[in-house]
1. Anything in chain A that counts as a DSSP H helix reaching 15 Å or more along its axis (C-alpha) with Kyte-Doolittle mean of at least -0.5? List them, would you?
2. Using a simple spin-label model with points 7 Å from Cα along the Cα→Cβ vector, what separation in nm is obtained for B:Ser150 and A:Tyr49?
3. How shielded is B:209-218 by partner chains, expressed as the average number of their Cβ atoms within 10 Å of its Cβ atoms?
4. Name the residues whose placed amide hydrogens come within less than 5 Å of the amide hydrogen of A:Phe53, ignoring near sequence neighbours (fewer than 5 apart) on the same chain.
5. Tell me what chain B gives for mean residue ellipticity at 222 nm when only DSSP H runs of n ≥ 4 count, each as -39,500 (n - 2.57), the sum divided by the residue total, rounded to 500 deg cm²/dmol.
6. Provide Rg and Dmax in Å for the protein assembly as shown, with only Cα atoms included in the calculation.
7. Calculate the mean, over all residues of peptide A:37-50, of how many other protein chain Cβ atoms lie within 10 angstrom of the residue's Cβ.
8. Determine the shielding of peptide B:150-161 by partner chains: average, over its residues, the number of Cβ atoms on other chains within 10 angstrom of each Cβ.
Amino acid sequence: MDRESDGGFLGIDLSVRSTREWIAGVAFAAPYVLIAAGFLFGPLLLGLYMSFFDWNPIVPGQSEFIGLENYRTLLSDPRFWEALKNTVYFVVLTVPAIVVGSLLLALGVNRDVKGQWLLRTIFFSPYVLTVAVIGLLWNDLFSSSGLIPYYVGMITGNSGSWLNSHTLAMPAIAIATVWWTIAFNFVILLAARQNVPERLYEAAKLDGASSWRMMRDVTIPQMKNPMIFVVITTFVSSFQVFGQPYIMTNGGPGSSTTTIVMYLYTSAFASREFGYAAAIGYVLFMILVAVSAFNFYYLGGDD
Amino acid sequence: MSTDTKRLTDSLPVDEERLRTAGVYAALYGAAFLFVIPYWWMFATSFKPREQVYSAVPHLIPSDITFEWYRQLLFETQIVQWTLNTVLLATITTVVVLLVDSMIAYSLTRLEWPGRRIVFGIIVGSFMVPGIINLVPVFMIASELGLVNSPWGVVLPMAAGPLGVFMLVQFFKDIPDELEEAARLDGFSRLRIFTHIILPLMRSALAALGLFIFIWTWNSFLWPLIILQRSSLYTLPIGLVTLQDSMGVTEPGIVMTSAVIASMPLLVAFLLLQNHLVKAVEMQGTTK
C-alpha cells in the first residue's frame, strides 16, 4: 500500500478523498494509540523519570530529585547482586533445558509416530495453566509429604522438602518452570520443523546423507530463525521470573531464590521505594537488551 | 551378485532404523509420562481424605474418595466470586483487545495517513520492552487515575500490549484490495467496510487471537496482584495464592482442589479449541 498520488514536497495529498482517509485512519488508530500511550509508552518514560527521584508515593509532587543516586546505590547494594546472581543461576538452569527439551520433543513428535495428536496435546497442555497453579502444584510435589522428595529420597536417603533447602530450592523452581514453559516453545519449533520443505530431505537422501548430516545441514539451518526467536524469548522471560519463586519459596530459604523481579516487587510494594524500584526495572531492561543483542549477533540472525 | 551385496549392506540400516524408532517411542512416551504425573497428582490429591494427604508414603491412587475439599472450597471460601471475577475480567479484556487491535490493524494496513509508518515502527519496537519494567510507573498511573481496585486497572495495561496489533497486521495485509475497492464504489463507508467486509474475513485470525488473550488474561498474575487489593475482587490466580497463606495451616487438599478448579475450564477449552491456540502461538513464532 504505497502512496498512489503525488503528494508534493511533504508527501501530503490534500484532495478531499485523502483528507477523509486521514481522518478515518487516525480515528481507527486512536483507541489503541491512546491506551498504549497511557499504559505502555507513557509509563516507560515515567519510570525513567521516577528512577532519578527519591519518589514519595503519597505526595509524588514532594519527591526529591537525586540524579543518579538510585543507580549508584544499586551498584553497591548486596541484595541486588544476590538477586542478580540468583536470577542468572535460574537462567542457566532453565534456558538450555527449555530450548533443547522443546527442540527434541518437537523433532520427535514430528516423526511419523503413533499417537501424535495425544503427544502434542500432552506437551502443549501446561501452556494453559496459570503460574499460580504451577507454583502451588509443584510446591506440593516438592514438599516434605510430596511425591518427588519421597522417590528421590529412596536413592539419596534425604527425603526432606526441596523448597526448604538452600541447594535444592532453585533447581525445584527451575524444574517446575521447564515443565510449564516447554509447551510454548515446543509448538513454535514443531511448526518450524513442519515448514521445512520435504524436498530438501529427499535431495539430501539422494546424496546419501546420514541422518546426523541431515540434522546438521538441513534441519538446523532451516529452523534458524524460529530457534533464535525461542532462545531470545526464553532468555528474556527467564530473566523476568517472578511468580514461581513468589509462590513456592517467597524468595527463601534466606534469600537464595530472590530474583531481580522479586527484589523489584518488594522494593516497590513492601519498602515503598518506588524510585529505587523503577531504577531496578531500568537496569533489568538494559541487561535484557544486552543479552538479546548478544544472542542475536552470536547466533547470526538475519531478519 | 551385485544385488546380493546390496541387500547385505542394506539390511543394517533397516535394523538401525527399527532400533532408532523404538528409542524415539520410548523417549517420547517416557517424557509424556513425566508430563502427566503432576496432573495426576493434582486430581488425585483433590479427592484424597486427609490422612492420605498427610501420609508419609505418597498415595498415587486414593483408596477412599472424598468430596470434602470441594465442599469446603465452595462453601467456606470466595472461590465462586473469584471465578466470576476472572471470567468477567478475561471477557472484557478480550473484547477490548479484539476491538482496538483490529481497528488499528485496519488503519495501518488499509488507510493512508501521515505518520502511520512511524506509529507502526514504534509498535514493533515496543516488543523489546519487557512488561515488568513498567510495573512501578503503571501502578502510579493507575492509582492517579483511580483505577486501583477497578477492573480497568487490569484491562488497560493488558490491552496496551503490541502483540495483537502485530499479529493482525500480518493478516490484514493479505486481504485483496479489490474487495474493498468494490465496496467503496458501492458507496460503503469506511466503518461499514470494516464491520461488514474486513472483520468477517478475519474471523479465524480474530478467534485465534481472542482465545489467546482470554487465556492470557485468565492466567495473568502480576497486574491483578498489584491492582486488585480487596479479596472480593481477586481473580482465581490471586485468590488461590492467598488461600495458601490465609487458611492458617496450609491444607494441601484444599490447595490442590483449588488448582483443579482454576485450571479445569481452560484445560477443557484447550482440548476443544487446541488448533486455534496452536495457530495463535505459531503466529507469534513466525511474525517476529
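Please treat every number below as a calculation from the coordinates, not as lab data. Note that the structure is predicted; figures quoted are calculated from it, not measured. A quick note on method: Cβ atoms are made from the backbone with ideal geometry, for glycine too, and the neighbour counts reach across all protein chains shown.
1. Passing helices, by number: A:16-36, A:78-110, A:131-142, A:169-194, A:224-239, A:274-298.
2. About 2.0 nm, to one decimal.
3. Across the residues of B:209-218, the mean count of other-chain Cβ atoms within 10 Å is 1.
4. A:Ile66
5. Result for chain B: -24000 deg cm²/dmol, rounded to the nearest 500.
6. For the protein assembly as shown, the Cα radius of gyration and maximum Cα-Cα distance read 26.5, 96 Å.
7. 6
8. Average neighbour count from other chains, rounded to a whole number: 3.
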